[in-house]
Amino acid sequence: MLEDMAYRWLEAEVAPHYERYEKQEMVDRSAWEAAGAAGLLCASMPEEYGGAGGTYAHEAVIAEALGRTGTDGFGIALHNAIVAPYILHFGSEEQKRKWLPKMATGEMIGAIAMTEPGAGSDLQGIKTTARKDGNHYVLNGSKTFITNGQHANLIIVVSKTDPTKGAKGVSLMVVETDDAEGFRRGRNLDKVGLKTNDTSELFFDDVRIPTANMLGTEEGQGFVQLMTELPQERLLIANQAISMIERALAVTIDYVKERRAFGKAIIEFQNTQFKLAELKSEAAMARVFVNHCIGEHLKGRLDTTTASMAKYLTSDLQCKVVDECLQLHGGYGYMNEYPIARMFRDARVQRIYGGTNEIMKLLIARSL
Ligand SMILES: Cc1cc2nc3c(=O)[nH]c(=O)nc-3n(C[C@H](O)[C@H](O)[C@H](O)COP(=O)(O)OP(=O)(O)OC[C@H]3O[C@@H](n4cnc5c(N)ncnc54)[C@H](O)[C@@H]3O)c2cc1C
């Protein structure tokens, strides 16, 4: 039921505006509140905190509906399945009551700021600091490539509470940006694809936040908190990838049945059939693996190695599938009015964010 509802809602309420969102390089703020009213925000958060009381399975359904309707640049999956879980799992009762209901309505839009200009893959190298000053922390530093960066008003900032301690000196600070003096958004970054998603630089210049805004019971828990949540982030990328793989195949199969050359439909060429047969087989294999990972995750058994495999395999496959599918469209595939063109542009980043695929291989290699 949720799949059907999410699909139909996105088709009716987001897809018709998508071209405009692409041009303005972000969705309308009102789309977030509408998604909240439709029940598509915080589906896996408990009802007592304004959510729908679901599980990751519900988030997977929503993330895949975004992929299947071609509205993947609407950043609700990150808000739902990456940002909100940090608050649920590591927040105090007071923090959960304060922030989650507002995230469920769309009044608060979430982001997580790990990456800095000088530190991406090597997260321990971050320079942003949170210095304690009485009952406040004072944040200084800058972040970049932050998804939902223009819209977000609840940002989890990965900072060093003790720069001398490496990973053990990292803490997660929640910045409510609405009244945060010293907080500044940089430009909405000009990306290759995923245009609808606002991605930004963020600057923190002596931003004072209450000590009560730290996630966790004491300083220094941030790195472990990140490691705990990253498997779900990686699985989410795999869910997005598989749904976009399936959509790319569907639109391409339709296209090659219509388009003709040398007196026959493109699908009648053996090359087309073999290519699509290969891609469909690989997609089927990836689908089974992703579903297996969801099952494991719901049982609390999805480990870092397996989640990394899912992220790396499906995002690599997504890039391969959209490239081959674009080729089967000929010149029309390179025209932005054809969905495969945008799928091609949107796919590329999947191998980069959420930990690059090289980092995924490093993590997998540790299990050898
Ligand atoms: C559209 C978009 C949205 C994003 N959203 C967010 C967000 O919401 N929040 C956030 O915090 N970040 C976000 N990111 C940042 C993203 O997670 C980083 O870009 C990514 O982790 C890589 O970091 P980097 O760009 O600094 O690359 P680098 O770390 O500089 O890597 C450069 C290259 O070196 C390779 N490399 C690095 N270390 C090793 C190694 N040990 N062995 C082998 N190869 C290595 C990498 O794989 C890569 O190919 C986003 C990025 C993009 C593009």
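The values are calculated or read from the model by the stated rules, or taken from the named source; none is laboratory data. For clarity, every value in this text was computed on a predicted model and none was experimentally measured. Cβ atoms come from the backbone with ideal geometry, glycine included; neighbour counts cover every protein chain shown. Heads up: the accessible areas ignore ligands, DNA and RNA and are worked out on the full protein's heavy atoms, side chains in. Shrake-Rupley method; radii C 1.70, N 1.55, O 1.52, S 1.80 Å.
For the stretch 204-279, the list of chymotrypsin sites (Phe, Trp or Tyr not before Pro) that fall in a loop by DSSP and count at most 12 other C-beta atoms within 10 angstrom reads Phe262. Of the solvent-accessible surface of the stretch 112-218, computed with a 1.4 Å probe over protein heavy atoms with every protein chain present, carbon and sulfur atoms account for 46 percent. On full extension, the segment bounded by Lys168 and Arg29 gains 46.3 nm, given 0.36 nm per residue less the C-alpha separation. Summarising the label geometry, the points placed 7 Å from Cα in the beta-carbon direction at Asn271 and Phe203 lie 5.2 nm from one another.
Name the residues of the stretch 133-151 whose amide N is less than 19 Å from a point 7 angstrom out from the Cα of Arg187 along the C-beta direction? Residues passing the 19 Å test: 142-151. With all pairs of separate Cα atoms included, the stretch 75-127 yields a Kirkwood hydrodynamic radius of 12.3 Å. Expressed as a whole percent, the accessible surface of the stretch 246-331 that belongs to carbon and sulfur atoms is 55, based on a 1.4 Å probe. Residues in the chain average 45 Å² of solvent-accessible surface per residue, probe 1.4 Å, ligands and nucleic acids excluded.
Among 295-305, 101-111, 76-86, sorting by the average number of other beta carbon atoms lying within 10 angstrom of each residue, highest first, gives 76-86, 101-111, 295-305. Pairs over the 18 Å Cα-Cα cut-off, from the set Lys143/Lys165; Lys275/Lys320; Lys23/Lys143; Lys98/Lys168; Lys23/Lys102; Lys102/Lys160: Lys143/Lys165; Lys23/Lys143; Lys98/Lys168; Lys23/Lys102; Lys102/Lys160.
Altogether, the Stokes-Einstein calculation at 10 °C and 1.306 mPa s, with the Kirkwood radius of the chain over Cα pairs as Rh, returns a diffusion coefficient of 75 µm²/s.
Per-residue extension of 0.36 nm, minus the Cα-Cα distance of Arg345 and Lys299, leaves a gain of 13.1 nm for this segment.
Here the stretch 1-108 is described by how far its Cα atoms reach on the three principal axes: 41, 29, 19 Å, from widest to narrowest. Computed over the stretch 112-218, the percent of Cα pairs more than 15 Å apart is 60. Put simply, the amide H of Ala43, placed in the peptide plane, has neighbours under 5 Å in Ala52, leaving out anything fewer than 5 places away on its chain. Counting protein heavy atoms only, the stretch 1-103 has 52 percent of its accessible area on carbon and sulfur, 1.4 angstrom probe. Identify the residues of the stretch 79-96 with backbone N under 20 Å of a label point that sits 7 angstrom from the Cα of Thr217 along the Cα-to-Cβ direction, or state none. Residues 86-96 fall inside that zone.
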